[in-house]
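Below is one structure, written out as structure tokens; comments come after it.
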Amino acid sequence: MLRSDDSTHLGQRFIPRLLDEFSFDGPNGHHVCLVHTETARSIAAQLIMGVSYLHSRGLCRGDLHTRNFLLCGPDLDCLSHNELYNRYRLDKAPVMRVDGAAVEPHAPPYAVYPMHIKMPAVTISGYGTSFVVAIKLSPKLHTPALYLPPEDFFNDPITQAADIWTLAVNLYEVLLSWKHLAGTEMI
């Protein structure tokens, strides 16, 4: 409901816009995770800077799509066990019923408060199709069909411009939560 864009209601500006949601099952049950505009903007900026860096080194990624974008939490390797537990201590609370009755036997004995990581870091992964533009032109792309750049359809040389196209398609999809070509009849 909150993902719809009802721009006529004055109260809409006080509610964070949700771009997406996903869920996972953890030790405390089923969790719904919400993707807000600020998070999506941060991810988009990091992807743009990452691709810009690759291009500045003369590389073409050749296969940009969302399955090659990894979200990374904070670097925890540099923390001692004590620092880790002090910084990210997961507080527990006993499970109690609101009406004061006994807790059902299948209920967990405690609930764990969630750990919040506001802005995840992004890593671009899967470099098997990357190439040095000055050495190798027009490699075979393994990009999913809906992300392929026009150069591939017209058998034109594949350059870094192809990365810009596929990055733009990915950003459009992520930021607008919309598949740019819903069906193959448009190709």
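All of the numbers you see were taken from the coordinates with simple rules; none came from a lab. In this text, all values refer to a predicted model and were calculated from it rather than measured experimentally. Here Cβ is always computed from backbone atoms with ideal geometry, including for glycine, and neighbour counts include all displayed protein chains.
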| query | Non-local amide H neighbours of V122 (under 5 Å, H modeled in plane, Pro and chain starts lacking H): which ones? | reply | C72
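Work out the FRET efficiency for N155 and H9 from their Cβ-Cβ distance, taking R0 = 45 Å, and round it to the nearest 0.05. The partial results should precede the final answer.
Details: r = 50 Å, r/R0 = 1.11.
With a Förster radius of 45 Å, E is 0.35.
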| field | Cα gyration tensor category, rounded, prolate or oblate, for the range 12-95 with a/c compared to 1.5 | value | oblate
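Where Lys and Arg each count +1 and Asp and Glu each count -1, what net charge lies around W165 among other residues with Cβ under 10 Å from its Cβ? Write out the running numbers ahead of the final one.
Numbers: positive: none; negative: E151, D152, D163.
Net charge in that neighbourhood comes out at -3.
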| message | Place a point 7 Å from Cα of Y53 in the direction of its Cβ. Which residues in the range 74-99 have their backbone N less than 19 Å from it? | response | 74-78
| task | Identify the residues of the range 118-162 with backbone N under 15 Å of a label point that sits 7 angstrom from the Cα of F24 along the Cα-to-Cβ direction, or state none. | result | 118-123
| Residues with amide H under 5 Å from that of H36, placed H, sequence gap 5 or more | L19
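Provide the gained length on full extension for the span A134 to N82, in nm with one decimal, where the gain is 0.36 nm per separating residue minus the Cα-Cα distance.
Values: separation 52, 0.36 × 52 = 18.72 nm, distance 4.95 nm.
Working it through step by step, the gained length comes to 13.8 nm.
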